[in-house]
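Only one structure is covered here, and it is reproduced in the block below.
The values are calculated or read from the model by the stated rules, or taken from the named source; none is laboratory data. Computed from a predicted model, the values in this text were never measured in an experiment. Cβ placement follows ideal geometry from the backbone for every residue including glycine, while neighbour counts extend to all protein chains displayed.
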Amino acid sequence: MNKLQATIALAGNPNCGKTTLFNALTGARQHVGNYPGVTVEKKQGVYARNSYRFNLVDLPGTYSLTAYSLEEVVARDFLVNEKPELVINIVDASSLERNLYLAVQFMEMGIPICIALNMIDVAEKRGMRIDAEKLSTLLGVPVVPTIARNGKGKEELMESSANLIRAGVRNNPLLITYGNDVDQALAQMTAKIEAHHFLTDVYPARWVALKYLENDEQIQEIGRKADPALAAEFQAIVEQLTDHLQDTLESYPEALIADHRYGYIKSVLKQGVVSFEKDMSRLFVSDKIDKVVTQRFIGPLIMGAVIWGLYHFTFTYSELPVQWLEGLFGWLGGQAEAHLADGLIKSLIISGIIDGVGGVMGFAPLIMFMFFGIAILEDSGYLARMAYMLDRIFRFFGLHGSSVMAFIISGGIAGGCAVPGVMATRTLKSRRERLATLLTVPFMNCGAKLPVFALLVAAFFARRQALMMVMITAIAWLGALLVAKLLRITVIKGASTPFVMELPPYRMPTFKGLLIHTWERTWQYIKKAGTIILAISVLLWAMMTFPQLPESTVKKFEQQRAAVQSAAPTGILHEIERIDRKDELSAEAQALRARLLTIDAKEAESALRHSAAGRLGSALEIVSRLAGFDWRTNIALIGGFAAKEVVVSTLGTAYSLGEVDPEQSLPLSQKLATTAGWSPLVALSLIIFTIFYAPCFVSVVCISKEAGSWKWGGFSILFNTILAFSLAVSVYQIGSAFGF
Amino acid sequence: MPCINLRQMKENQSGTISRIKANGQLGRRIRDMGLVPGTKIKVHGRAPLYDPVALRLMGFTLTLRNNEADYIEVEVDE
């Protein structure tokens, strides 16, 4: 017997338990991608049992099927273009009335649906009795009670779905009356649509008319392309009706349509579908928690503790796996160092490939822990409360209450990381606010910028270290918020997206859900960012390696080394070759080694200056002088594009100190403090520049991926660098004018 | 029963929505969430900075900003 094969879409409101049900049905057999051209996640999985095998698609959670939000357009396009055999509409039984609003819209479209009456246990606990059979009869679609958390009802649900698909009946679109005026216009338009076969190959006739009356931009545009004359005629009908309704009822067609949909739902539920055994106005557990958690004084304190906890969790517990990975890549580098012949290939493998891949993988544990933490906050319902409490502040800067998470993780508390921070903006649903957040989180002081600040503060502000670090954090926050405001009134201007948001009841997250959520996102990061980051890493390596020093110069350094070596007694030379550890060497051998290392460092400095990056740095000196930076600083900042802590090690090379470990930069700090051309003012200018200039390329790649376009990645490189430079020049010039 | 603006409602006060004045994206969002004439609501609380406001309706909690609440008129219960 042939297996029944079909595609089934899962749809429902956010927080209705859709993802939990999807996980319960598909288990680990799922994969995540994106809908074509947009950043909305598309999850697919397989449910195979008995005599059927279903391909399940998890549509984005929506409250409606209008064309306002990206999620809604994506869900609708999928239904229209892919034509799944069936939609399983998951509804939260405890807020049935609102959840059925989406179901009614599927039915208006004539899409066959099966309703999963989810979280029936919660509704019963609250004293709601729901007659599923009666609801099924009244709506004319199967209704199956389920509890997604423990998988109860899922077999019955799939059995009903299979039966419906086998029966093969396409539902007739549900006809609701929307009041006399609207109904008349509908009938008039539907007749014309049918007569002209206007869009009828894709959409039901009455539905198209309905969408016209609802002012649906997507359908209007498709209509204009298909038949401009008819589209104009419809537009006139809509305008006429709108004017009429304004005059008589002070209302709009779309408002009346929504009212009548809810009216239809109310009339269905009133026919004995729902009965209440307890007083529904009493406080539920969730409300009681809210009384404390969002209380005026205690609320912000608890929130502070939660933020600190998440931060601590992400950055402390990921330390160990990060160390393992660093150890692994260090070991790989060591193996390459030991077994490969000196030369370009070796340098490419170590500095380009191993460091590059290591860089990508080094972020993976951070991202994993961060997403795990956020998944707990999100699934439990607390994240929505944070947005609720903080929205007033963030709205002022054109952002959204939910932006706070991304800022904190990026380094709002110094020491975060912009890469997971950028990815944390996924919890933001409003497009403009999300983009503004994406573009400003890299200003926060991530863990990689800290060594740069530490170096400069130790060299020039040694007596006020703590104060300086607090000020640096404050400047970053202020800068980020003001830039967000600036972006929101210029490049991403537009009214703020409506906040109107559900505060879902508090729920215990399921461990399985958390793990799937975390793993998916981490894997996406590794897969997507990995390849590009490797390529850029190799490119940066090449920039700092080519062109190489001319042979004559290399020879000069070799001669110097040979001269030093031949002047030394052979015993000491042997000693250096035999013993690796510095402290075991005799004083004479140490002195010789130091002299040789000085020559190596001088050669590295010349090579760096000779490379493309070095030339670029020297060429930029004319401009960068305005901010007090010489060519060495310029190269270091170019290197910082790879990762901000590279600024420290590159400065070390440029000052002939050899490779400087960013964690132990004291010698470099002393060198800077005593070098001509450096002053506290230059240091301050460099600190400002470091806070604001182009994000590291890993962040840029992530920004592009999250914003859905390389344009925004490019924008953040250019805009941030110009902003940083203007600020640094201002600081340096004003400071110089005052004689600092 | 007096008709007032949602913004002016006090904590724990309840009433029935009489009119929604918003159109376009905001109007759509408000209606999608069940805020239509005839719906019973109760003010559940306000955020620490007195904005947004949290409402209870149809068995769930909804929050919206004060400037969004301005578009909603409510017939309050005595």
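Can you confirm whether A:GLU551 is more than 14 Å from chain B (Cβ to nearest Cβ), over 22 Å from the mean Cα position of the chain (by Cα) and among the acidic types (Asp, Glu)? Yes: the conditions hold for A:GLU551. Could you tell me whether A:ASN180 is under 19 Å from A:PRO112 (Cα atoms) and not aromatic (Phe, Trp, Tyr)? In short, no.
For A:PHE641, state whether it is under 26 Å from A:MET444 (Cβ atoms) and modelled with pLDDT of 90 or more.
On the way: under 26 Å from A:MET444 (Cβ atoms): yes; modelled with pLDDT of 90 or more: no.
It is false that A:PHE641 is under 26 Å from A:MET444 (Cβ atoms) and modelled with pLDDT of 90 or more.
Taking the stretch A:656-740 as the region of interest, the helices (runs of 4 or more DSSP H) fully inside it that hold 3 or more residues being under 29 Å from the mean Cα position of the chain (by Cα) are A:680-692, A:697-707, A:710-737.
B:THR61 satisfies every condition listed in (1) in contact (Cβ under 8 Å) with a residue 24 or more places away in the chain; (2) touching a Leu at 6+ places or on another chain (Cβ under 6 Å); (3) facing chain A (nearest Cβ under 8 Å) except (1).
Whether a residue is crowded, with 20+ Cβ neighbours inside 10 Å, more than 28 Å from the chain's Cα centre (by Cα) and not assigned by TED's automatic domain parsing to the domain that holds A:ARG507 was assessed, and A:LEU65 does not pass this test.
For A:GLU133, indicate whether it is over 31 Å from the mean Cα position of the chain (by Cα) and within 14 Å of chain B (Cβ to nearest Cβ). For A:GLU133, the condition - over 31 Å from the mean Cα position of the chain (by Cα) and within 14 Å of chain B (Cβ to nearest Cβ) - is not met. Here B:LEU49 does not qualify as more than 11 Å from the chain's Cα centre (by Cα), touching a residue at least 40 places away in the same chain (Cβ under 8 Å) and either part of a strand (DSSP E or B) or at the interface with chain A (Cβ under 9 Å from one of its Cβ atoms) (or both). Among the candidates A:GLU108, A:GLU71, the residue that is part of a helix (DSSP H, G or I) and in contact with a Gly (Cβ under 8 Å, 6 or more places away or on another chain) is uniquely A:GLU71.
Considering the conditions (1) in a helix (DSSP H, G or I); (2) at the interface with chain B (Cβ under 9 Å from one of its Cβ atoms), A:LYS225 is excluded by exactly one of them, (2). Screening the stretch A:145-213 for helices (runs of 4 or more DSSP H) wholly inside it with 3 or more residues that are buried (at least 21 other Cβ atoms within 10 Å of the Cβ) and not assigned by TED's automatic domain parsing to the domain that holds A:TYR262 returns the ranges A:154-167.
Return yes when A:ILE257 is of a type in the set (A, V, I, L, M), touching an Asp or Glu at 6+ places or on another chain (Cβ under 8 Å), in a helix (DSSP H, G or I) and in contact (Cβ under 8 Å) with a residue 60 or more places away in the chain and no when it is not.
yes
Between A:GLY373, A:GLY411, the distinction of being on the phi > 0 side of the Ramachandran plot and assigned to a helix (DSSP H, G or I) belongs to A:GLY411 only. Taking each residue of the stretch A:453-474 that is closer than 11 Å to A:ILE687 by Cα and looking for partners that are buried (at least 18 other Cβ atoms within 10 Å of the Cβ) and aromatic (Phe, Trp, Tyr) with beta-carbon atoms closer than 8 Å, six or more apart or interchain, yields A:MET468/A:PHE453; A:MET468/A:PHE461; A:MET469/A:PHE453; A:ILE472/A:PHE453.
Among the residues of the stretch A:415-434, the one identified as at pLDDT 90 or above and either surrounded by fewer than 24 Cβ atoms within 10 Å (Cβ to Cβ) or in a loop (DSSP other than H, G, I, E, B) (or both) is A:ARG432. In this structure, is A:ASP379 within 14 Å of chain B (Cβ to nearest Cβ), in contact (Cβ under 8 Å) with a residue 40 or more places away in the chain, within 26 Å of A:PRO504 (Cα to Cα) and among the acidic types (Asp, Glu)? Here the answer is no, as A:ASP379 does not meet what is asked.
Looking only at residues that are closer than 17 Å to A:SER94 by Cα and in contact with a helix residue (DSSP H, G or I) (Cβ under 6 Å, 6 or more places away or on another chain) in the stretch A:1-15, which one is surrounded by the fewest Cβ atoms within 10 Å (Cβ to Cβ)? It comes out as A:ASN13. Scanning the stretch A:46-55 for residues that are touching a helix residue (DSSP H, G or I) at 6+ places or on another chain (Cβ under 6 Å), within 26 Å of A:PRO504 (Cα to Cα) and buried (at least 16 other Cβ atoms within 10 Å of the Cβ) turns up nothing. Do we have any residue at all in the stretch A:345-359 that's free of Cβ contacts under 8 Å to residues at least 12 places away in the same chain, in a helix (DSSP H, G or I) and more than 14 Å from chain B (Cβ to nearest Cβ)? Scanning the stretch A:345-359, I find at least one residue that is free of Cβ contacts under 8 Å to residues at least 12 places away in the same chain, in a helix (DSSP H, G or I) and more than 14 Å from chain B (Cβ to nearest Cβ), so the answer is yes.
The set of residues in the stretch B:42-57 that are of a type in the set (A, V, I, L, M) and buried (at least 22 other Cβ atoms within 10 Å of the Cβ) comprises B:ALA47, B:VAL53, B:ALA54, B:LEU55. Report, by residue number, each residue of the stretch B:64-78 that is more than 10 Å from chain A (Cβ to nearest Cβ) and charged (D, E, K, R). Hits for the stretch B:64-78 are B:ASP70, B:GLU73, B:GLU75, B:ASP77, B:GLU78.
Scanning the stretch A:608-639 for residues that are surrounded by fewer than 20 Cβ atoms within 10 Å (Cβ to Cβ) and touching a Leu at 6+ places or on another chain (Cβ under 6 Å) turns up just one, A:HIS610. Among the residues of the stretch B:21-36, the ones that are within 17 Å of A:ALA67 (Cα to Cα) and at the interface with chain A (Cβ under 7 Å from one of its Cβ atoms) come to 10 in all. Do we find a residue being away from chain B (no Cβ under 11 Å) and surrounded by fewer than 18 Cβ atoms within 10 Å (Cβ to Cβ) anywhere in the stretch A:248-256? Yes, because at least one residue in the stretch A:248-256 is away from chain B (no Cβ under 11 Å) and surrounded by fewer than 18 Cβ atoms within 10 Å (Cβ to Cβ).
Please go through the stretch A:1-30 and pick out each residue that is among the polar types (S, T, N, Q) and over 14 Å from A:LEU86 (Cα atoms).
A:ASN2, A:ASN13, A:ASN15, A:THR19, A:THR20, A:ASN23, A:THR26, A:GLN30
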